[in-house]
Every structure is written in C-alpha cells, then in structure tokens.
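Have a look at the structure below, then the notes.
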Amino acid sequence: MRLLTTLLLLLPLSVFAQVNLNTEVFLVAPVTQADGSVVEEWQDAGTIAPGDKIGYRITYTNTGSEAVSGVVINNPVPENTTYVANSANGQASTITYSVDGELFARMQDLKVDEDGQSRPARAQDINQIRWVLQQAVAAGKSGSVEFKVRVN
C-alpha cells in the first residue's frame, strides 16, 4: 500500500487534470436571407422528424488547474441517423472517422467490405467520429467540436 501511495504522489499533477464534455443538440434549418441566399441556422431542437438535419456540438472544458494536452474526443453517430459528409469540424483538431468503432482514419483512407469487395467508405458508413486536439487546453478554458447528421 505504501508503494502505491508513493507512486501516486510521484505522478505529475497533469495526470489528474479534468476535461468535461457537454453535448448539445440542434435542429439545422435553412433560413432565407434578405438577399435571397439561404444559410443554415442552428436552432433549438424541439421536435425532430425523419429527414431533419441535426447538429451536435460537443463543448469541452478544462476544469482542472493545469493545461491538458492530448485531448481526444470520440463521439458515435447516433442510431437512426446518417452522418452528413464533411460536416465534422473543430478548430485546431485532427478529425478521423470509423466504420467499425475500432479503426479510425481520414475519410479518404477508410474502406468497407461489401459483398466480398472492398470499396471506399461513404458518409452513411460512418458510425464514429474522433477529434484529436492539436493544442493544449488551458486551465479554465473551453472549446467545441461539432458534426451534423440526417434523421433516417
């Protein structure tokens, strides 16, 4: 027991840093502007129906007293939805995808076996998204990553 206690005391404080995640869900609705252009607006989700586009925003907050580096955020694509191609984003992050929940790679590098043949993965094959933050998150600081899906 003393050995365990001694080892724990020798660990750097950053090991105990804490990053909390909070996920918000939005309805992504087309809104016509005065000039006739249409932009997507993230609105209160309210009632969601098949065919709707939904946005997920995952906010990360370093609640510790030290900067945290190497933050990785994994998020599943919800059941009964289809990932919207190229919609995942996050400032200063590397984004990879998975079709099986185990192997993560850039979209263009993912393959799917179908009927004994290998083919490039498509947006509808994606079931996990991973963001690796490239910069440390300072104590008390927050940021966010996001993606969109279409309800089946």
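The figures follow:
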{"quantity": "Matching residues, the range 61-80, being part of a strand (DSSP E or B) and surrounded by fewer than 16 Cβ atoms within 10 Å (Cβ to Cβ)", "calculated": "Val72, Asn74, Pro76"}
{"quantity": "Positions within the range 99-142 being within 30 Å of Gly64 (Cβ to Cβ), of a type outside the set (S, T, N, Q) and surrounded by fewer than 18 Cβ atoms within 10 Å (Cβ to Cβ), in sequence order", "calculated": "Gly101, Glu102, Val132, Ala136, Ala138, Ala139, Gly140, Lys141"}
{"quantity": "Criterion violated by Val149 - all others in (1) over 15 Å from Thr23 (Cβ atoms); (2) surrounded by 19 or more Cβ atoms within 10 Å (Cβ to Cβ) satisfied", "calculated": "(1)"}
{"quantity": "Residue list for the range 16-60, filter: on the phi < 0 side of the Ramachandran plot and assigned to a loop (DSSP other than H, G, I, E, B)", "calculated": "Ala17, Gln18, Gln33, Ala34, Asp35, Ser37, Ala45, Thr47, Ile48, Ala49, Pro50, Asp52"}
{"quantity": "Flag if Asp35 is loosely packed, with under 15 Cβ neighbours inside 10 Å, at pLDDT 95 or above, of a type in the set (D, E, K, R) and out of contact with any helix residue (DSSP H, G or I) (no Cβ under 6 Å at 6 or more places or on another chain)", "calculated": "yes"}
{"quantity": "Strands (runs of 3 or more DSSP E) wholly inside the range 113-152 that include at least 2 residues being within 18 Å of the chain's Cα centre (by Cα), among the basic types (Lys, Arg) and under 22 Å from Asn74 (Cβ atoms)", "calculated": "142-151"}
{"quantity": "Test for Gly64: is it farther than 29 Å from Glu40 by Cα, in contact with a Phe, Trp or Tyr (Cβ under 8 Å, 6 or more places away or on another chain) and not hydrophobic (A, V, I, L, M, F, W, C)", "calculated": "yes"}
{"quantity": "Selection from the range 81-112 of residues that are touching a residue at least 24 places away in the same chain (Cβ under 8 Å), in a loop (DSSP other than H, G, I, E, B) and touching a Phe, Trp or Tyr at 6+ places or on another chain (Cβ under 8 Å)", "calculated": "Val84, Ser87, Ala88, Phe104"}
{"quantity": "Condition broken by Ser118, with the remaining ones in (1) under 19 Å from Leu21 (Cβ atoms); (2) in contact with a Lys or Arg (Cβ under 6 Å, 6 or more places away or on another chain) satisfied", "calculated": "(1)"}
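The values are calculated or read from the model by the stated rules, or taken from the named source; none is laboratory data. All values reported here derive from a predicted model rather than from experimental measurement. Here Cβ is always computed from backbone atoms with ideal geometry, including for glycine, and neighbour counts include all displayed protein chains.
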